[in-house]
Amino acid sequence: MRRVAVVGAGISGLTAAYRLRRLLGETAEIVVLDRAERIGGKLHTPRVAGRGYDLGAEAFLARRPEVTRLAEELGLGSELVHPSGASARIRAGGASHPLPSGMFMGVPASAEAVSHVLSPGACRAVAAEPELPPLRMTGNDASLGELLRERFGAEVVERLVEPLLGGVYGGSADALGLRATMPGLAAALDAGAKSLTEAVNEAMPAPTPRGSAKPPVFGAFEEGYETLVNALERRSGARVERGVTVRRLWREGGGWSLVTGSAARPGRLDADAVVLAVPAPAARGLLAESVPEAAAGFAEISLASMAVVGLALPAEVELPASSGVLVARGERHRDGTAFTAKAFTLSSRKWPHLRGRGGERLVRASVGRGEPGELRIDDAELLRRVRADLAELTGATAEPLDTAVVRWGGGLPQYGIGHAEKVAGIEDAVSRAPGLEVAGASLHGVGVPACVGTGETAAVRIGGFLAGPG
């Protein structure tokens with residue numbers, strides 16, 4: 001009997017466990033270990049107003065195939081839903097505006113496309129960007145924030161790029177690398193685009209032909225991500241051990257050994273192969289003994305924290321006819337108070353199926369821009385501030401009928417300058433440790449499809465290792 005240990009029961013680890021079962025058959029023993037008491041990692045579907053409401057990752061990018069393909073394989077294709085088509089708004093410059101469409105992740109394709117959000121001076125800077133000295137980026141990386149400020153000015157970063165990237169990374173654009181966060185833009189520059197404006201216009205998807213239905217950008221599960229998480233656990237046939245910390249990992253003989261539990265009462269698990277699907281700090285600690293080069297690479301990946309607040313408002317509350325609102329950095333209420341939330345999703349507008357069991361309107365707020373101390377308040381104060389933000393932005397002042405606060409301490413890896421090279425170094429070092437693979441959000445993308453992809457790749461490689469030569 002072959003035994004594989006999967007450390008981490010987030011979406012990457014659960015996907016790896018499921019794929020390993022398909023590859024290795026029913027006789028293999030697959031053990032999934034996670035220090036949390038629940039599985040799913042940053043896919044979390046607590047009950048709000050009597051129904052499951054995702055307060056971790058909200059949706060997945062439907063243009064990538066991994067989640068849709070996996071759902072259909074699991075028999076969950078009928079559970080997939082898509083947004084209503086309601087457009088978003090952005091609070092910038094003291095007013096609320098429609099979110100511009102002529103952008104690539106917040107980088108404008110023209111001054112005209114963003115003229116209603118930026119000041120006249122910032123619009124002139126955007127219009128003049130193609131006349132700046134040509135960019136020479138081939139093979140190099142750069143700080144996304146610094147590059148955009150140099151070419152467009154600060155307003156583009158603060159009013160457009162950071163609000164759009166904030167939900168993905170939760171930190172400052174200055175700490176993010178161009179190549180890892182906007183690979184399409186980097187590819188256009190590598191191909192010869194001489195300005196960011198030219199690169200944006202080349203990187204933007206082609207418009208939908210007239211008369212054709214526009215494909216959905218995002219997808220979700222009707223009853224929340226727990227549908228996918230539970231199906232993966234069930235179909236993997238794995239022994240899932242919750243509340244178990246893995247404290248040490250080393251290679252012994254032809255396999256691997258793990259120390260689990262507390263220092264006072266340690267346990268040991270021996271396995272033929274291991275998949276590490278854990279955040280960067282945990283991976284760093286577990287690899288320090290057996291693969292120090294990979295541990296050093298994980299040590300260079302920093303993390304940001306955030307919180308998600310779920311609100312269930314009375315069914316009769318009228319909300320704006322938009323999918324939500326992004327809040328630019330530095331925005332303030334009419335009384336001068338700073339906004340706490342960086343974004344609101346009006347979930348019952350964006351996802352028509354999302355109502356409480358009594359028809360309650362569900363609203364989701366995101367908090368956390370990577371600034372020290374911004375999350376060092378208790379849940380009651382966080383709720384008070386978020387409600388004040390919502391009232392300022394939408395006029396909705398009704399007392400919520402139910403609430404939930406979920407904090408993600410260190411939950412968002414930051415893809416800094418040279419991230420791809422760091423990951424290549426990690427994977428090269430791990431490839432020289434037979435029977436070991438890594439997966440997760442620290443590697444090739446923080447979105448759910450990317451995480452699913454890393455879990456599947458790890459499983460396929462472990463399957464090949466256990467099958468032997470040929």
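Residue-wise test of (1) touching a strand residue (DSSP E or B) at 6+ places or on another chain (Cβ under 9 Å); (2) at pLDDT 95 or above.
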site	(1), (2)
Arg3	yes, yes
Glu29	yes, yes
Leu43	yes, yes
Glu72	yes, yes
Ile90	yes, yes
Phe104	no, no
Ala111	no, yes
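If I go through the stretch 420-470 residue by residue, how many of them are in a loop (DSSP other than H, G, I, E, B) and among the aliphatic types (A, V, I, L, M)?
Count: 5.
Any idea how many residues of the stretch 307-337 are buried (at least 24 other Cβ atoms within 10 Å of the Cβ) and either assigned by TED's automatic domain parsing to the domain that holds Ala433 or more than 30 Å from Gly356 (Cβ to Cβ) (or both)?
0
Would a scan of the stretch 258-277 turn up a residue that is assigned to a helix (DSSP H, G or I), within 21 Å of Ile39 (Cα to Cα) and out of contact with any helix residue (DSSP H, G or I) (no Cβ under 6 Å at 6 or more places or on another chain)?
No, the stretch 258-277 contains no residue that is assigned to a helix (DSSP H, G or I), within 21 Å of Ile39 (Cα to Cα) and out of contact with any helix residue (DSSP H, G or I) (no Cβ under 6 Å at 6 or more places or on another chain).
Might you check whether a residue that is buried (at least 21 other Cβ atoms within 10 Å of the Cβ), closer than 30 Å to Arg179 by Cβ, modelled with pLDDT under 95 and out of contact with any strand residue (DSSP E or B) (no Cβ under 6 Å at 6 or more places or on another chain) occurs anywhere in the stretch 390-411?
For the stretch 390-411, residues buried (at least 21 other Cβ atoms within 10 Å of the Cβ), closer than 30 Å to Arg179 by Cβ, modelled with pLDDT under 95 and out of contact with any strand residue (DSSP E or B) (no Cβ under 6 Å at 6 or more places or on another chain): present.
Results for (1) under 20 Å from Gly171 (Cβ atoms); (2) of a type in the set (A, V, I, L, M); (3) touching a Phe, Trp or Tyr at 6+ places or on another chain (Cβ under 6 Å), shown as yes or no for each residue.
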| residue | (1), (2), (3) |
| --- | --- |
| Val244 | no, yes, no |
| Ser262 | no, no, no |
| Ser290 | no, no, yes |
| Ala295 | no, yes, no |
| Arg329 | yes, no, no |
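Which residues, taken from the stretch 200-221, are surrounded by 10 or more Cβ atoms within 10 Å (Cβ to Cβ) and over 21 Å from Glu66 (Cβ atoms)?
Answer for the stretch 200-221, where residues must be surrounded by 10 or more Cβ atoms within 10 Å (Cβ to Cβ) and over 21 Å from Glu66 (Cβ atoms): Val200, Asn201, Glu202, Ala203, Met204, Thr208.
Identify, from the list Leu20, Leu24, the residue that is crowded, with 18+ Cβ neighbours inside 10 Å and either touching a Lys or Arg at 6+ places or on another chain (Cβ under 9 Å) or not assigned by TED's automatic domain parsing to the domain that holds Arg248 (or both).
Leu24
Being exposed (fewer than 15 other Cβ atoms within 10 Å of the Cβ) and either under 22 Å from Leu466 (Cβ atoms) or in the same structural domain as Val430 (by TED's automatic domain parsing) (or both) narrows it down to one of Arg248, Arg235, Arg239, so name that one.
Arg239
Quick one: which residue in Glu155, Glu129, Glu202 is within 24 Å of His444 (Cβ to Cβ), touching a helix residue (DSSP H, G or I) at 6+ places or on another chain (Cβ under 6 Å) and part of a helix (DSSP H, G or I)?
Glu202
May I ask you to list the residues in the stretch 246-277 that are among the aliphatic types (A, V, I, L, M) and touching a residue at least 12 places away in the same chain (Cβ under 8 Å)?
Val246, Leu249, Leu258, Val259, Ala263, Leu269, Ala271, Ala273, Val274, Val275, Leu276, Ala277
When you go through Arg69, Arg124 one by one, which is the residue that is touching a residue at least 12 places away in the same chain (Cβ under 8 Å), surrounded by fewer than 15 Cβ atoms within 10 Å (Cβ to Cβ) and outside any loop (DSSP other than H, G, I, E, B)?
One residue alone meets the criteria, Arg124.
Counting just the residues of the stretch 132-152 that are charged (D, E, K, R) and in a loop (DSSP other than H, G, I, E, B), which one comes out nearest to Ala420 (Cα to Cα)?
Asp141
In the stretch 202-239, what residues are closer than 28 Å to Ile30 by Cα and free of Cβ contacts under 8 Å to residues at least 12 places away in the same chain?
Asn230, Arg234, listed by residue number.
The values are calculated or read from the model by the stated rules, or taken from the named source; none is laboratory data. All of these numbers come straight from a predicted model, not from anything done at the bench. Neighbour counts run over all protein chains shown; Cβ positions are idealised from the backbone, glycine included.
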